[in-house]
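Only one structure is covered here, and it is reproduced in the block below.
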Amino acid sequence: MILEEYADGLHFISGFCVQFEISAVFTLKDDVVAIEDKHIINKKINKLYKLISALHETKIKKTKKLISTIYKKYIVLGIVLGFDLDAIKTAYAKKHEINVKRQADNY
């Protein structure tokens, strides 16, 4: 269930990438660490939330960079939560398919 909700958030952020024509290409090698302390995970989630909240205050020139940062940090959060990239891709594809169907049905 958590992976499905995570995929929903990824779909939301990906919508911004499409809207602003952003290609989110990056490596995760240095960003992923094993985190067992739940307080650190909470801090990462809170920091990500603050970045997303800042979108409405950001000028267009800086928006693309901010969205790219949010996208990368969201992927890293998923890995830290224990999802592997294949599971993330699969969950995202399912969520995307559901959302396309909903749009077609005027949901």
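Specify the residue that is modelled with the highest pLDDT; the eligible residues are those in region 50-65 that are within 14 Å of the chain's Cα centre (by Cα) and exposed (fewer than 11 other Cβ atoms within 10 Å of the Cβ). So, considering only residues that are within 14 Å of the chain's Cα centre (by Cα) and exposed (fewer than 11 other Cβ atoms within 10 Å of the Cβ), the one modelled with the highest pLDDT is Lys50.
The numbered conditions (1) of a type outside the set (D, E, K, R); (2) at pLDDT 75 or above; (3) loosely packed, with under 10 Cβ neighbours inside 10 Å are all true for Thr27 except (2). Output the residues belonging to region 77-107 that are in contact (Cβ under 8 Å) with a residue 24 or more places away in the chain and either closer than 19 Å to Cys17 by Cα or touching a Gly at 6+ places or on another chain (Cβ under 7 Å) (or both). Answer for region 77-107, where residues must be in contact (Cβ under 8 Å) with a residue 24 or more places away in the chain and either closer than 19 Å to Cys17 by Cα or touching a Gly at 6+ places or on another chain (Cβ under 7 Å) (or both): Leu77, Gly78, Ile88, Ala91, Tyr92, Lys94, Lys95, His96, Asn99. From the list Asp105, Asp86, the one residue that fits, being out of contact with any His (no Cβ under 7 Å at 6 or more places or on another chain), at pLDDT 85 or above and within 20 Å of Tyr6 (Cβ to Cβ), is Asp86.
Answer yes or no as to whether Tyr74 is touching a Gly at 6+ places or on another chain (Cβ under 8 Å), touching a residue at least 12 places away in the same chain (Cβ under 8 Å), surrounded by 14 or more Cβ atoms within 10 Å (Cβ to Cβ) and outside any loop (DSSP other than H, G, I, E, B). For Tyr74, the condition - touching a Gly at 6+ places or on another chain (Cβ under 8 Å), touching a residue at least 12 places away in the same chain (Cβ under 8 Å), surrounded by 14 or more Cβ atoms within 10 Å (Cβ to Cβ) and outside any loop (DSSP other than H, G, I, E, B) - is met. Given the condition exposed (fewer than 10 other Cβ atoms within 10 Å of the Cβ) and either polar (S, T, N, Q) or at pLDDT 90 or above (or both), answer yes or no: does some residue in region 8-23 qualify? Yes, the conditions are met somewhere in region 8-23.
The values are calculated or read from the model by the stated rules, or taken from the named source; none is laboratory data. These figures come from a predicted structure and were not determined experimentally. Here the Cβ is made from the backbone with ideal geometry for all residues, glycine too, and neighbour counts use every protein chain on show.
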